[in-house]
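Here the structure comes first, spelled out in structure tokens, and everything after it is commentary.
The values are calculated or read from the model by the stated rules, or taken from the named source; none is laboratory data. Bear in mind that the values here come from a model prediction, so they are computed numbers and not experimental data. As a convention, Cβ positions derive from the backbone with ideal geometry for all residues, glycine included, and neighbour counts pool all protein chains shown.
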Amino acid sequence: MSEGRTHYDVLDEYGLDDDYFGFHAAWVEGVDAHEAARRMRADLDTAAECNIHDVHEHTGDAGERDGVVLIGQAGSWVLILQLRGWDCLRDRALSIVSSGGGRAVAIGWNADGDEQLIYASDGRILTYMDFSPSSRRGGANRHALDGYLDGLSFVDSPDTEANIATALILIERITGRGLDQEWLESSNTCYVIPDGSW
């Protein structure tokens, strides 16, 4: 990340923090991009190579209630950027994509806030937390991410951008690569997740 530019700035630059929809993404370790799409119950017949600018051109026939995802390698992890819907934040989805010895970390919020980060390993939700100074946590191992939080803190402020940027730094520490301009501009694969898949 260039000096003076936060992780949140990337979301803002690409219009990914939608006023109504918010933002939803998950990183998955232990499977390739195609398998991640299959486990997310995407319709594999809708696969189209594209970057962030071309997604809607390739998914324009999707129903109003269908999910739309852009999936691709992000270092040794796979990034699932959900552009419509919130399937990648479902506990069941994270359990499925991380099963068989994998890991998954997801982040999301909506227009009302409800900011959350969820961490799963080998099919189990280990930790979920919000982006508040008290950082309310739950899950089977509420301290599973403590080793990644060194030097990071969430602030008590009505402006959530700083806390979102902190959560994105946390994800980058876990996965080795956050959401960046290079990934967004690269060729990945978009899919439709049909309404009712979950």
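Which one of these does residue 91 not meet: (1) surrounded by fewer than 20 Cβ atoms within 10 Å (Cβ to Cβ); (2) closer than 16 Å to residue 16 by Cα?
Evaluating residue 91 over (1) surrounded by fewer than 20 Cβ atoms within 10 Å (Cβ to Cβ); (2) closer than 16 Å to residue 16 by Cα leaves (2) as the failure.
For the condition free of Cβ contacts under 8 Å to residues at least 40 places away in the same chain and at positive phi, what is the one hit in 15, 30?
On the way: 30 fails: free of Cβ contacts under 8 Å to residues at least 40 places away in the same chain.
Selected residue: 15, the only one of 15, 30 that is free of Cβ contacts under 8 Å to residues at least 40 places away in the same chain and at positive phi.
Quick one: how many residues across the stretch 52-87 are among the small types (Gly, Ala, Ser), within 18 Å of residue 21 (Cβ to Cβ) and touching a Ser or Thr at 6+ places or on another chain (Cβ under 9 Å)? Break it down stepwise before answering.
Pass one, the stretch 52-87, residues among the small types (Gly, Ala, Ser): 60, 62-63, 67, 72, 74-76, 85.
Checking the rest, the ones that are also within 18 Å of residue 21 (Cβ to Cβ) come to 60, 62-63, 67, 85.
From what is left, the residues that are touching a Ser or Thr at 6+ places or on another chain (Cβ under 9 Å) are 62, 67.
Here the count works out to 2.
If a residue must be among the hydrophobic types (A, V, I, L, M, F, W, C), surrounded by fewer than 20 Cβ atoms within 10 Å (Cβ to Cβ) and within 12 Å of residue 97 (Cβ to Cβ), how many such residues does the stretch 34-85 contain?
Residues in the stretch 34-85 being among the hydrophobic types (A, V, I, L, M, F, W, C), surrounded by fewer than 20 Cβ atoms within 10 Å (Cβ to Cβ) and within 12 Å of residue 97 (Cβ to Cβ): 0 in total.
From the set of residues in the stretch 1-22 that are in a loop (DSSP other than H, G, I, E, B) and either aromatic (Phe, Trp, Tyr) or at pLDDT 75 or above (or both), which is nearest to residue 89 (Cα to Cα)?
As a first pass, look at the stretch 1-22 and keep what is in a loop (DSSP other than H, G, I, E, B): 1-6, 14-17, 19-21.
Next, from what is left, pick out any that are either aromatic (Phe, Trp, Tyr) or at pLDDT 75 or above (or both): 5-6, 14-17, 20-21.
Numbers: 5: 26, 6: 23, 14: 21, 15: 20, 16: 16, 17: 16, 20: 17, 21: 13 Å.
Filtering first and then ranking leaves 21.
Go through (1) modelled with pLDDT of 95 or more; (2) under 22 Å from residue 83 (Cβ atoms); (3) among the hydroxyl-bearing types (Ser, Thr, Tyr) for residue 160 and report which single condition fails.
Only one criterion is unmet by residue 160, namely (1).
Being outside any strand (DSSP E or B), in contact with a strand residue (DSSP E or B) (Cβ under 7 Å, 6 or more places away or on another chain), at pLDDT 95 or above and under 20 Å from residue 148 (Cβ atoms): is that true of residue 94 here? I'd like the intermediate steps shown before the answer.
Working: outside any strand (DSSP E or B): yes; in contact with a strand residue (DSSP E or B) (Cβ under 7 Å, 6 or more places away or on another chain): yes; at pLDDT 95 or above: yes; under 20 Å from residue 148 (Cβ atoms): yes.
So residue 94 fits the description; yes.
Considering each residue of the stretch 139-167, count those that are more than 15 Å from residue 114 (Cα to Cα), of a type outside the set (Val, Ile, Thr) and either touching a strand residue (DSSP E or B) at 6+ places or on another chain (Cβ under 6 Å) or not in a helix (DSSP H, G or I) (or both), and give that number.
12
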